[in-house]
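The structure appears right after this line, and notes come after that.
The values are calculated or read from the model by the stated rules, or taken from the named source; none is laboratory data. Predicted, not measured: the structure shown is a model, and the values here were computed from it. A quick note on method: Cβ atoms are made from the backbone with ideal geometry, for glycine too, and the neighbour counts reach across all protein chains shown. Just so you know, the surface numbers come from the protein's heavy atoms only, side chains and all, with ligands and any DNA or RNA stripped out. Shrake-Rupley method; radii C 1.70, N 1.55, O 1.52, S 1.80 Å.
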Amino acid sequence: MKSTSDLKFKLVCLLIAAVLAECCLECGPIFAADSPAAEAIPFKIEPPYAWNRSDRYVPPDFQSFFPDDKDAGKQLDLMLEGKLKVTSIDERLALIRRGLRHCTKHRTTLLGQVGNQYIWNRKQQDPRAIELMYHASACDDGGVAHSAMYHGPTVVSDRSANLVRMLMEQYPRLDAQMQQRIAWGMRTYGDKAQTRTLLLGLLDDYKQLDDSTLGAALATYQAVFETEPPELNRFDDVGLWMIAFHRTDVSVTHPRAAELLREMVLKPLRSQEELLLEYVTRVNEGRETAIVLLKGLKARQLLVNYLENRNYTELDFNELFSARVLQERRLQEFARFLPEDAPASRLPAYTRPPAGQVYAYQAAGFVAPEYQSFFTDDVQAGKELDELYENREKLAITDRELLELFRRGLRQSSSPNTMFGWISGALGWPRDPRLTEIFYQALDPKGPEDVRKAALYYGFGLGTDKTRNVLRALFHVYMAPPFDDTTNRNMRSRILWSVRDHEDDKYYLSTLFAEALREHAKLSDVALQQADSAYKQLTGEDPPNADEYSSRGVYLVIFGDESASTVPASKRSVSQRLGESPHLLAKKHLEEKGEVNVMVLVRGPAGLKWLIDNLQTEPKLPIYYAGLLTPELIEKANNLQEFKKYLPEEPPGKN
């Protein structure tokens, strides 16, 4: 913060950028004009396009559409570096087509740019760009295929029969996020009546399609239109479906837990037991969970309707059977129902966690996380963990062995954040209590900050079950220094976000902040501000004892005085406006390039509220900054040095 004018300039630049971005949604692409090229363009994208031709279905074909051209890859790199000029959209898209295979830049980012410039949110979507993204979605590289699908086919407005069929054929292989995006795109863009006609047309041709494609069409129709398609009984025998559920009133230690759940499956299928192809149970989040594989849509509807009408019963998932689902859920028992050419699972096989073991995160009393004692300092284990990650496509290790190696090797691993992301995906469902314990112990505020952040991000996000001990550990993470505005601001906001949809968790966490605020004399000014802010966000109210510390801390507010062009004039107008309030500590006026900005110090949250309310009354004055005055802030800004005397000599506490 070199000057207040610099700060104001940055804010104005952000506003201009936002306006330009909004305008660009309606205008044409910004990289090249659609002017005719002087020469023939090799591999120019021309009709008929596979994605919307009406004479026959042409599936996406990455290998045939994108040539194996190394020189074109070099040219594409030069274009992306701004060293090669293109004269038309035709030339730009043709070069991307020729060079995509051998482009050394971020291909996912490149395809995202194509989608954003020519397809997504465009009134006139470019059919050439759609064709390119259509074929790129079939790439063997998962990142390239994901980016192409995300920015291309899922957000096309003028859908075609071929495009819809392609989406449905790809659907079983896509992750849940992309499946949801397909339905979201159909709800959000284009004519819904046209989309309904296309989906129904595909369903009418069901005898020509495989069960997976049909199942995808049925699931998408339900998600888009929130109703079943007509003549649903045509599809009674279509598809294999996986359903998982648990009972909240039956603990995992119940001797007949698995048997009770199985009886619940058989009741709605009485006299049709042959439709139940497989039944297994897992321990997920400490609950006995049943997973069943059913043959046909009718069986799926019978079971789901039965479960949804039962008390104390909750569905964990209800989805189309596919190789992807088995890999994500580690359900190798179901693999015999896959086609012979289906990919094998690359994740460790499931082993039932030991019964009766109590972990720190679920203990009756609070047991604080201990990073140093839980994660051993084992150099050799760190090397083994890194090697295992490098060869993760060929895992030959049990989940128990992986968890133990992770515990021993994390501290000496080359990238703890990467390791947490990997183990979260490899062992994320069913959630093993030993994995939760690893995440929990990594929350130790005395441990490395990057480890703490990764454990929070991957282990305790929105939708995860949190014990009282987990919530208390998250509270300690929230209240632990450093109190900077980079990593820790993100970490603290994520903690509050993680309990957003669970009122009991929000309430319990708010009681911990209220407890800390009752002993506010033990908190430093910055810790006090953090606790006060958290309580307000969790409850929507001021803390009960907010008046007790309403004068704690010194707050800096920077605003513009548009009524004055000189410092003397600004001093007169600001003094008249603010008066002689006891909240005021100091004022400083800065003039630069004919504009005057004002810095004001006020005492405590009460002073901050008073000043902001004053500045927001007519005539309003623009506020550029409002926050606690800290040593770090003064250190970063030369023009705040004179305010250093207003800081307390020593913080009241160490928190």
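Helix 89-99 versus the longest principal axis of the chain: what is the Cα-based angle in degrees, 0 to 90, to the nearest 10? Result, in degrees: 70.
Given a 1.4 Å probe and heavy atoms of the protein chains only, how would you sort H106, H589, largest accessible area at the top? Kindly include the intermediate steps, with their values, before the conclusion.
Numbers: H106 145, H589 30 Å².
Greatest to least solvent exposure: H106, H589.
Evaluated at 4 °C with a viscosity of 1.567 mPa s, what Stokes-Einstein diffusion coefficient in µm²/s does the stretch 358-445 have when Rh comes from the Kirkwood expression over alpha-carbon pairs? Answer from the Stokes-Einstein relation: 97 µm²/s.
Extent of the stretch 203-359 along its three principal axes (Cα atoms, max minus min coordinate, largest first): 54, 37, 31 Å. Among residues other than L261 with Cβ under 14 Å from its Cβ, the summed charge is 0 (Lys and Arg +1, Asp and Glu -1). Working note: Cα gyration tensor of the stretch 434-483, eigenvalues times five, square-rooted, sorted largest first, giving semi-axes of 16, 12, 10 Å.
The accessible surface of the stretch 65-205, taken with every protein chain in place and a 1.4 Å probe, is 46 percent carbon and sulfur.
Helix 192-204 against the longest principal axis of the chain: what's the angle in degrees, Cα atoms only, rounded to the nearest 10? For 192-204 against the chain, the angle is about 30 degrees. In the context of the full set of protein chains, the chain has a per residue accessible area of 49 Å² (1.4 Å probe). Only protein heavy atoms count here; under a 1.4 Å probe, S550 has an accessible surface of about 30 Å². Its Cα gyration tensor gives the stretch 397-441 an equivalent ellipsoid, and the semi-axes of that ellipsoid, as √(5λ) in whole Å with the largest first, are 15, 11, 10. Which of K588/K645; K571/K645; K466/K522 have a Cα-Cα distance over 24 Å? Cα-Cα > 24 Å for K466/K522; rest within.
Taking every alpha-carbon pair in the chain and binning the separations at 20 Å intervals from zero gives 15, 37, 38, 11, 0 percent.
Using only the Cα atoms of the stretch 311-390, construct the convex hull and provide its projected area averaged over every direction, in square nanometres to one decimal.
Working: hull surface 39.3 nm².
Averaged projected hull area, Cα only: 9.8 nm².
Cα centroid separation, the stretch 429-502 to the stretch 121-163: 37 Å.
The helix-based estimate of mean residue ellipticity at 222 nm for the chain, built from -39,500 (n - 2.57) per DSSP H run of four or more residues and divided by its residue count, is -14000 deg cm²/dmol to the nearest 500.
Estimated translational diffusion coefficient (Stokes-Einstein, Kirkwood radius over Cα pairs, 20 °C, 1.002 mPa s) of the stretch 131-273: 124 µm² per second. The C-alpha atoms of the chain define a longest principal axis, and helix 503-518 lies at about 20 degrees to it.
Ranked by solvent-accessible area (1.4 Å probe, protein heavy atoms only, all chains present), the residues E333, E226 order from largest to smallest as E226, E333. Translational D (Stokes-Einstein, µm²/s) of the stretch 509-655 at 20 °C and 1.002 mPa s when Rh comes from the Kirkwood sum over C-alpha pairs? Rounded, D is 131 µm²/s. Counting 0.36 nm for each residue step from S575 to D175 and taking away their Cα separation leaves a gain of 137.9 nm. The eigenvalues of the Cα gyration tensor, multiplied by 5 and square-rooted, give the stretch 579-655 an equivalent ellipsoid with semi-axes of 23, 18, 11 Å from largest to smallest. Computed in the context of the full set of protein chains, the accessible area of the stretch 383-537 at 1.4 Å probe radius has 46% of its extent on carbon or sulfur.
With a 1.4 Å probe rolled over the protein heavy atoms of all chains, the accessible area of E580, E91 falls in the order E580, E91, largest first. Using the alpha-carbon centroid of each, what span in Å lies between the stretch 54-82 and the stretch 180-234? Computed from Cα coordinates, the inter-centre distance equals 31 Å.
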